Amino acid sequence: MPADETEKVYTFEDLKNWNREDVSLAVIGCPITHSLSPVMQNAALAEISKKSPAFSGWKYFRFEIEPGQIGEALPVFSEKNFAGLNLTLPHKVVAFDLVSEMSPEAQSIGAVNTLARRGGGWFGHNTDGRGFAAAVAGDLQLPLRDTNVILLGAGGAARAIAAAALSEGCRSLHIGNRDPERLRVLLAQSEKYFPEMFSRVRGFDLASPPADLPAPALVVNATSLGLKPGDGSPFPAKMFAPGTAVYDTIYEPAETAFLKAARAAGLPAANGLSMLCRQGALAFEFWTGLDAPVAVMAGALKKSIARANCAGKVAAK
Ligand code: NDP
């Protein structure tokens, strides 16, 4: 198959006319043009096909499915023999209500980013939280267990990270957000799914972080502040205590103001490329049942970002 078949952006109309005999996987989003998942997942499929030829017919595609089309599109993906799907903005929360079954991770996060076909329906899973935990363990050599986590943001990524921190047994979890209502919803979600851990959870206003935040801690940027050129940092550099480790879920740009400040303070710090890679690796394992070739996936991502930086932009998932 020519490489450009997996680089093309397919639409719902293309899906209705889909007639491939081999096994297909796909990422669905809107917009989806700059998604890095096809390059990462097709590199993984090519790698495992060397040892397991049964996977040589598997290919991973990208589909631009508009917000109003997802309910109609999921059954068609199933009819057309897609084995698995990744979901990215804006479908992760809407699809939560469209799957027939789901994993405890998806339930506690309140969103699905990975689906596997089961019978005629879809089983929903979420790999963002465990992907984050694996990324922090790999990049910062830090387990979430017994760690004080200071989480900035209360959107979709923060929900997954909060669930990972609580399920891994963090020492404490302080969540700062700008919008108090979004913060309230995440705190309520944490209390509902992790009642035994909830005494370790506090919320705060991101605009005025409390002076008594625990130290040392892992400080995580899960806001979208930092994505745009000229963006500042969501956390005052003077509040980085000695012994702090820093993780930014943003990977493009590779160094945000937040990461720059952490590195200037001599703190261990990493960006979100490893989270992107690890959540993809977990999705790959969920679909294939095989260990994901993580190094191959990371290499494909880095190469693709370097290429995209020459030509234009990249996007989450
Ligand atoms: P959401 O839209 O769900 O949430 C956005 C969050 O950012 C909210 O908490 C919002 O706060 C906060 N925010 C936005 N602008 C500002 C600002 N100017 N100042 C302070 N806070 C702000 O997005 P996601 O959770 O999906 O994504 C958040 C980040 O995580 C993005 O940068 C994304 O690129 C990254 N991400 C990385 C992944 C990876 O694999 N590396 C995977 C998924 C996401 P408020 O509620 O006040 O609006």
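Here is how the numbers come out for the structure above:
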{"item": "Close pairs (9 angstrom Cβ cut-off, 6 or more residues apart or separate chains): within 24 Å of Cys170 (Cα to Cα) in the range 218-239, of a type in the set (Asp, Glu) and at pLDDT 95 or above anywhere", "result": "Val220/Asp248; Asn221/Asp248; Ala222/Asp248; Ser224/Asp231"}
{"item": "Qualifying positions in the range 91-105 - more than 15 Å from the ligand (Cβ to nearest atom) and in contact with a Gly (Cβ under 8 Å, 6 or more places away or on another chain)", "result": "Leu98, Val99, Ser100, Glu101, Met102, Ser103"}
{"item": "Pairs where the first residue, in the range 1-25, is farther than 18 Å from Asn81 by Cβ and the second is at pLDDT 95 or above and part of a helix (DSSP H, G or I), C-beta under 8 Å, 6+ apart", "result": "Glu7/Pro38"}
{"item": "Those residues of the range 1-49 which are within 15 Å of Ile65 (Cβ to Cβ) and of a type in the set (Ser, Thr, Tyr), in sequence order", "result": "Tyr10, Thr11, Ser24, Thr33, Ser35, Ser37"}
{"item": "Among the residues listed as Ala188, Ala158, the single one being among the hydrophobic types (A, V, I, L, M, F, W, C) and within 26 Å of Ala298 (Cα to Cα)", "result": "Ala158"}
{"item": "Selection status of Arg118, in contact with an Asp or Glu (Cβ under 9 Å, 6 or more places away or on another chain), open to solvent by 30 Å² or more (accessible area, probe 1.4 Å) and touching a residue at least 60 places away in the same chain (Cβ under 8 Å)", "result": "no"}
{"item": "Some residue of the range 229-249 being surrounded by 22 or more Cβ atoms within 10 Å (Cβ to Cβ), within 16 Å of the ligand (Cβ to nearest atom) and more than 21 Å from Gly138 (Cα to Cα)", "result": "yes"}
{"item": "Some residue of the range 27-41 being surrounded by fewer than 15 Cβ atoms within 10 Å (Cβ to Cβ) and either of a type in the set (D, E, K, R) or closer than 21 Å to Gly121 by Cβ (or both)", "result": "no"}
{"item": "Subset of the range 87-96 (residues that are crowded, with 19+ Cβ neighbours inside 10 Å and more than 14 Å from Ala160 (Cβ to Cβ))", "result": "His91, Ala95"}
{"item": "Subset of the range 42-60 that is of a type in the set (Phe, Trp, Tyr) and open to solvent by 10 Å² or more (accessible area, probe 1.4 Å) - its residue that is nearest to the chain's Cα centre (by Cα)", "result": "Trp58"}
{"item": "Number of the condition not met by Ile28 [criteria: (1) free of Cβ contacts under 8 Å to residues at least 12 places away in the same chain; (2) closer than 22 Å to Thr288 by Cβ]", "result": "(1)"}
{"item": "Checking Phe63 against (1) buried (at least 23 other Cβ atoms within 10 Å of the Cβ); (2) closer than 25 Å to Ala162 by Cβ, the condition it does not meet", "result": "(2)"}
{"item": "Selection count where residues are within 20 Å of Cys277 (Cα to Cα) and among the hydrophobic types (A, V, I, L, M, F, W, C), scope the range 122-179", "result": "17"}
{"item": "Qualifying residue in the range 209-223 (condition: farther than 24 Å from Ala270 by Cβ, within 13 Å of the ligand (Cβ to nearest atom), hydrophobic (A, V, I, L, M, F, W, C) and open to solvent by 40 Å² or more (accessible area, probe 1.4 Å))", "result": "no"}
{"item": "Residues being touching a Lys or Arg at 6+ places or on another chain (Cβ under 7 Å) and open to solvent by 10 Å² or more (accessible area, probe 1.4 Å) - total across the range 122-152", "result": "4"}
{"item": "Exclusive hit being of a type in the set (Val, Ile, Thr) and open to solvent by 10 Å² or more (accessible area, probe 1.4 Å), set Val112, Val99", "result": "Val99"}
{"item": "Of all residues in the range 168-208 being small (Gly, Ala, Ser) and out of contact with any Asp or Glu (no Cβ under 8 Å at 6 or more places or on another chain), the one that is farthest from the ligand (Cβ to nearest atom)", "result": "Ser199"}
{"item": "Meets criteria (modelled with pLDDT under 95 and more than 19 Å from the chain's Cα centre (by Cα)) for Pro242", "result": "yes"}
{"item": "Options Gly203, Gly176, Gly156; residue that is open to solvent by 20 Å² or more (accessible area, probe 1.4 Å) and touching a strand residue (DSSP E or B) at 6+ places or on another chain (Cβ under 6 Å)", "result": "Gly203"}
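The values are calculated or read from the model by the stated rules, or taken from the named source; none is laboratory data. Owing to the predicted nature of the structure, the values given are computational and were not obtained by experimental measurement. Here the Cβ is made from the backbone with ideal geometry for all residues, glycine too, and neighbour counts use every protein chain on show. These accessible areas exclude ligands, DNA and RNA; they are computed on the full protein's heavy atoms, side chains included. Shrake-Rupley method; radii C 1.70, N 1.55, O 1.52, S 1.80 Å.
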